[in-house]
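No lab work stands behind these numbers, since they all come straight from the coordinates. In this text, all values refer to a predicted model and were calculated from it rather than measured experimentally. FYI the Cβ positions are ideal-geometry reconstructions off the backbone, even for glycines, and counts take in every protein chain you see.
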Amino acid sequence: MKPFDYVILRAAPRIQRGEFINVGAVLYCRALDYLGAGWDVDPDRLRALDPAVDVDVVCASLEQVRAICAGDPAGGPAAATKIGERFRWLAAPRSTVVHPGPIHSGLTDDPAADLERLLDSFVR
């Protein structure tokens, strides 16, 4: 088993209210050279927090996170950095509609499967 770190991604359509729903996860396992992200947005739950939220913007932000994890140039300059730097950049606190929760840790032999488990447990 190898250690990993993860953050749950939260959508807060009205950041000043402090209300959010979990919409994704980012998992980083240095020992297995793995950085992955997944997301699942329920538009109705998101609109319950703010009926005027632009769901497409939230989804685009989450796709940006996935591109950064994959090292895809569509992720911008952050996607070109080393894998550990990408995770730290994604896990850094920020006041945006989509932002990370605290960093948590675990053990894995299959980080992709554990990413799906996190999505099932905390997002879906």
Contact order relative to length for the chain, counting C-alpha pairs under 8 Å separated by 6 or more residues, stands in percent at 35
Using the eigenvalues of the Cα gyration tensor, what equivalent ellipsoid semi-axes result for the chain when each is taken as the square root of five times the eigenvalue, whole Å, largest first? 24, 16, 12
Using packing as a proxy for protection, rank 79-92, 5-18 so that the peptide with the highest average count of other Cβ atoms within 10 Å comes first. 5-18, 79-92
Using modelled backbone amide H atoms (1.01 Å from N, in-plane), which distant-in-sequence or interchain residues come within less than 5 Å of Phe4's amide H? Gly106, Leu107, Thr108
Amide H neighbours of Asp50 at under 5 Å, excluding residues fewer than 5 places away on the same chain, with H built from the backbone geometry, are none
In what sequence, highest mean first, do 107-118, 29-40 appear when ranked by Cβ atoms within 10 angstrom? 29-40, 107-118
Summing -39500 (n - 2.57) over every DSSP H run of at least 4 residues in the chain and dividing by its residue count gives a helix-only mean residue ellipticity at 222 nm, to the nearest 500 deg cm²/dmol, of -10500 deg cm²/dmol
